[in-house]
Amino acid sequence: MRLSVLTRVEGNARRLGEIVSVLSRYGLADWLAGLNYEWLQGRFVSSNGEQLSKLTHEARIRLALTELGTTFIKLGQILSTRADLVGPELAEELGQLRSNTPPDPPEIVRGTILSELGKPVDVLFTEFDDQPLASASIGQVHRARLPSNQAVVVKVQHAGIEQKIIEDLNITAGLAELLQKHVPRLRPYQPVATVREFRRILLNELNFALERRNLEEFAKNFANNPGVHFPAVFPDLCSRRVLTMEMLQGISAENLEALHQAKVDMEELARRGANMYLEMIFRNGFYHADPHPGNLMLLPGGVVGVLDCGMVGRIDDRISEEIESLLLAVAQKDAREVADVVKRVGSLPPNLNHDALQADVAAFVDEYGCQTLQDNDLSGALNQIFEIIHHYKIIEKQAC
């Protein structure tokens, strides 16, 4: 293993130096001290930490990931959905990660579309705005109009981003193997398996053809639900690096001021969003894995519009049944069954204190099991159960 690890990591020595330098400056490189390789130790940089002293540990992690760029921003976004792995506080902080990447110039964008779709922009679209609506970590989005007069958005992948991401993935895979071997306190978190899953997710996001299929599957699943809408796609104008979709007109769920001005019933909007997500999980077993407010819109008629379906997840019947069992056990205030479900769905550390876990779960059930539906604090309950899972180092079982 050591030869392959060193080949992956040392082969990208310049980028490795940047990564360790940023982590050191933010006071996050202490875990590297256990790696006794001179070539790695020589890349540490000193830092007095004065400018960062007022920031929390979680905030420094977010800022470091932001500075490291696309791959690490995406890693943070994915970890923000894994409160069981990183804990609720860090998950909440990482949920703030957004990437406003400088856009590619118009000639690059037009060249990408030509190489991917085989025809120039002016032939494919009657209108195409060279000024992007937004530019995120992997791609940028442009307004356009089809010959049919249909308003669309065209998502175009940044030039050269795939090679840069693959380089970073090779480094993180190598570092994960070194950490799992040399830093015992990190082994319960399975860094190798976690990075392997991250690699799969990110490489899938780079393939816009997969996002197109995700949109088509979601649209099919919710075809009979008039309260939820996913953008229609135009397959003839899609490829691995270009995605053409219907333009949705509405108010972003991020824009609270606009929602209040429109006198939107916020509780009803939240209920519709929650019901949509429950349908994804319990009915379809296929869900949007990045449901932050920026990916949701309020469309005319109170319809919930869903954007950015590159990151998705699937839940098999066994996990779905376990989630149902967990909810039922909480409602029945059955602390033993709640603890048993948590242990069934997770990988348990060898030194797990079963009695302490049972006691913490019992306290959780006492607090939340007696709440009425009106008073139920779902967010607080989820954070509490994730805190318990994180505290006892119980993590999701990795697929073989």
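The values are calculated or read from the model by the stated rules, or taken from the named source; none is laboratory data. Keep in mind it's a predicted model, so treat the numbers as computed, not measured. As a convention, Cβ positions derive from the backbone with ideal geometry for all residues, glycine included, and neighbour counts pool all protein chains shown. For the accessible areas, the whole protein counts, side chains as well, though only heavy atoms, and no ligand, DNA or RNA atoms are used. Shrake-Rupley method; radii C 1.70, N 1.55, O 1.52, S 1.80 Å.
Annotations
- Percent carbon-and-sulfur accessible area, the range 174-297, ignoring ligands, DNA and RNA, probe 1.4 Å: 54 percent
- Amide H contacts for Gly305 (H built 1.01 Å from N in the peptide plane; partners 5 or more residues away or on another chain; cut-off under 5 Å): His229, Met297, Leu298, Leu299.
- Taking 0.36 nm per residue of sequence separation and removing the Cα-Cα distance, the Gln131/Arg200 pair yields an extension gain of 21.7 nm.
- Size of charge dipole - the chain - debye, nearest 20, with Cβ of Lys, Arg +1 and Asp, Glu -1, no other charges: 1260 debye
- GNM flexibility winner over the chain from Ala209, Ala176, Ala262 (Cα, springs under 10 Å): Ala262
- Accessible surface of the range 74-117, 1.4 Å probe, proportion on carbon and sulfur as whole %: 53 percent
- Distant-in-sequence amide contacts of Phe286, defined by a placed amide H-H separation under 5 Å and a gap of 5 or more residues or a different chain, comprise Ile315.
- Potential lengthening of the chain between Asp366 and Leu146 amounts to 73.4 nm, from the contour at 0.36 nm per residue minus the alpha-carbon distance.
- Local net charge near Ser252, Cβ-Cβ under 14 Å (Lys/Arg +1, Asp/Glu -1): -2
- Label point distance in nm, Glu279-Glu89, each placed 7 Å from Cα along Cα→Cβ: 3.9 nm
- Summed side-chain charge close to Glu387 - residues other than Glu387 whose Cβ falls under 11 Å, Lys, Arg +1, Asp, Glu -1: -3
- Of [x] 20.8, 71; [y] 23.0, 69; [z] 22.0, 71, the label for Rg and Dmax of the Cα atoms in Å derived from the coordinates: [y]
- FRET efficiency for the pair Glu268 and His57, taken as 1/(1 + (r/R0)^6) with r the Cβ-Cβ distance and R0 = 35 Å, rounds to 0.40.
- Placing unit charges on the Cβ atoms only, positive for Lys and Arg and negative for Asp and Glu, gives the range 148-268 a dipole magnitude near 680 debye about its Cα centre.
- The gain in end-to-end length when the Leu352 to Ser320 segment is fully stretched comes to 9.0 nm, 0.36 nm per residue minus the alpha carbon separation.
- For Val303 and Glu162, the FRET efficiency from 1/(1 + (r/R0)^6), where r spans their Cβ atoms and R0 equals 41 Å, is about 0.75.
- Unit charges on C-beta of K, R, D, E only; dipole of the range 231-352, Debye: 220 debye
- Placing dummy labels 7 Å off each Cα toward the beta-carbon, the span from Ala232 to Lys333 is 5.3 nm.
- Solvent exposure of the range 87-137 as accessible area per residue, Å², 1.4 Å probe: 56 Å²
- Accessible area per residue, Å², the range 193-297 with all protein chains present, probe 1.4 Å: 51 Å²
- Order of exposure, largest accessible area first, which applies to Lys155, Lys164, Lys263 with probe 1.4 Å: Lys263, Lys164, Lys155
- Residue (of Ile315, Pro191, Gly227) at the positive-pole extreme of the chain, dipole from beta-carbon charges: Pro191
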